[in-house]
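Where a number appears in this text, it was derived from the coordinates with a stated rule and is not lab data. Model, not experiment: these values are computed from the prediction. Cβ atoms come from the backbone with ideal geometry, glycine included; neighbour counts cover every protein chain shown.
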Amino acid sequence: MTDFPGEASSFQGLLSSVAHEPDALAAIRLQMEAEGDLSASPSSGKLLALLTSLTRSRRVLDIGAGLGYSSGWFLQALPSDGHLHALEIDRERAARARENLRLLDPEGEGSGRWNVEAGPAVRALHQLTWNRLAPFDVVLIDADPESAATYLKWALRLTTPGSVVILRGLNVLADADLEAAEQAWAEESKASESLYAVTGMKSASVDAATGMYGALKLLGDDPRFATTAFGGEHQYTSTGTAVALITAASPPTSAGTDVRIEPMTPETVRDALRVKNQGWRDTYDKYLGEDDLDDMDARLDKDVAAWSAMLERPGNQSRFAVARTSDGQVVGVATAAPVLDDQDRFETHAKWQLFTCYVDKAWHGSGIASRLVDFVVGEDSCILWVVEDNARARAFYTKLGFVADGAVEDLPDEWSGAREIRMIRNVPTKNLTTHS
């Protein structure tokens, strides 16, 4: 263990001594201090490790990795099969972070236990929305304060209830004109109200204090965050930190109204399929093998071509819909078609079959899924098939007025013995064939 700078008998030295900072992490901290960055301390690093351990986290996202000091503490706490994904905009610093983390975990980079990605964070966060790394159990935001609210919005999309989000850098507000920051944030929000409501995006005019003020306001106002904040001022670090638990609270009422339901177009097919594929991974991973799900992702280009062809086919009666935010992001998809199966048609006389309905996890509970269903089938008679023990989906469709009619089918062998049941809505009883 390397001593913290300063007198060993000092109060700060005493506090830091209980963190038991590994020598490799102390070396990273000394690199930072040599370059004038005094934001790191053993105590703040150990806090990250403890939060990771206490929440039994397996997946961590570090936005603003720097030289890898915080990432190193996360690695100390993650299990051997856990994963750390770190983002750093500066490519040189990202390369140095990789070198530092290799000293802590030489085999981890090659085995997929950790990764440092260089480049703009928002671009990387877009990609993380679709890959299998999310959802994350812990998200650390220690990057440019101007974008702090943006990163918090992305954290909501990339986590689930029970996840922890840590925001650093509150110290930019310590000596700021808070009235000016509040006014600037209010003006900026009013100027681009719909954009802020969905993404937290900022204009180039937002400065550090205004950006951090907006982030702290978001943490305090949005019911999806349960937050506390505290300072951390001493001669070596003056960061200020907020720690938030992602709760099960519903999204703000504005969330659903800022999403449009519209017909799918060739331009939105690919993103719609990504939502659908992620929905399959989230829902069916306990039935299907990893190879089957990987094959689904590998078919993306072919599926895009097939769906695009269906959209443009003359006389096509199928209905394809997407849910899009005001900044153009596809967050939901639904498809329906006239009932084609002879037995389904004979037994129910229903007009439509709902084939697909998936919504990005970050928008669960916002009412988007029910709006999608209404868009593609309306009040017409409709059937759907759902996995028998998918309690969440069955409860959702029951809430929409669907009822199980007793029809059951075995799924193919690769579905590990699962079965589907048929649910119907707005089908007159006299049309039904009874199932015992």
Exercise. When the Karplus curve 6.51 cos²θ - 1.76 cosθ + 1.60 is applied with θ = phi - 60°, which whole-Hz ³J(HN,Hα) does each residue of region 165-179 get, with x for Gly and Pro?
Worked result: 10, 10, 10, 10, x, 5, 4, 5, 8, 4, 10, 7, 7, 5, 5
Exercise. Got a sec to turn the phi values of region 375-386 into Karplus ³J(HN,Hα) couplings, 6.51 cos²θ - 1.76 cosθ + 1.60 with θ = phi - 60°, whole Hz, x for Gly and Pro?
Worked result: 5, 8, 10, x, 9, 5, 5, 8, 10, 8, 10, 9
Exercise. How many Lys pairs in the chain lie less than 27 angstrom apart by Cα atoms, where the lysines are 8 or more positions apart or on different chains?
Worked result: 25
Exercise. How large is Rg over Rh for region 72-162, taking Rg from the Cα atoms and Rh as the Kirkwood inverse mean of 1/r across Cα pairs?
Worked result: 0.94
Problem set entry | Per-residue [θ]222 nm for the chain (sum of -39500 (n - 2.57) over DSSP H runs n ≥ 4, rounded to 500) | -12000 deg cm²/dmol
For this session: Would you please give the residues with an amide H less than 5 Å from that of residue 360, counting only those at least 5 places away or on a separate chain, with H modeled from the backbone geometry?
Result: 332
Problem set entry | Packing-based order for 296-305, 89-98, using average beta carbon neighbours within 10 Å, highest first | 89-98, 296-305
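Using 0.36 nm per residue of separation minus the Cα-Cα distance, give me the extension gain between residue 107 and residue 14 in nm, one decimal.
30.1 nm
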Seminar exercise, completed: By the C-alpha gyration tensor axes a ≥ b ≥ c (rounded if a/c is under 1.5, else prolate when a/b exceeds b/c, else oblate), the shape of region 254-431 is rounded
For this session: Just grab the label-to-label distance for residue 23 and residue 395, each label 7 Å out from Cα along the Cβ direction, in nm (one decimal).
Result: 5.3 nm
Exercise. What are the residues whose amide H is under 5 Å from the amide H of residue 406, where those residues sit 5 or more places off or on another chain and H is modelled from the backbone?
Worked result: 422
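Based on the Cβ-Cβ distance from residue 409 to residue 123, what FRET efficiency comes out when R0 is 41 Å, to the nearest 0.05?
Efficiency, from the Cβ-Cβ distance: 0.40.
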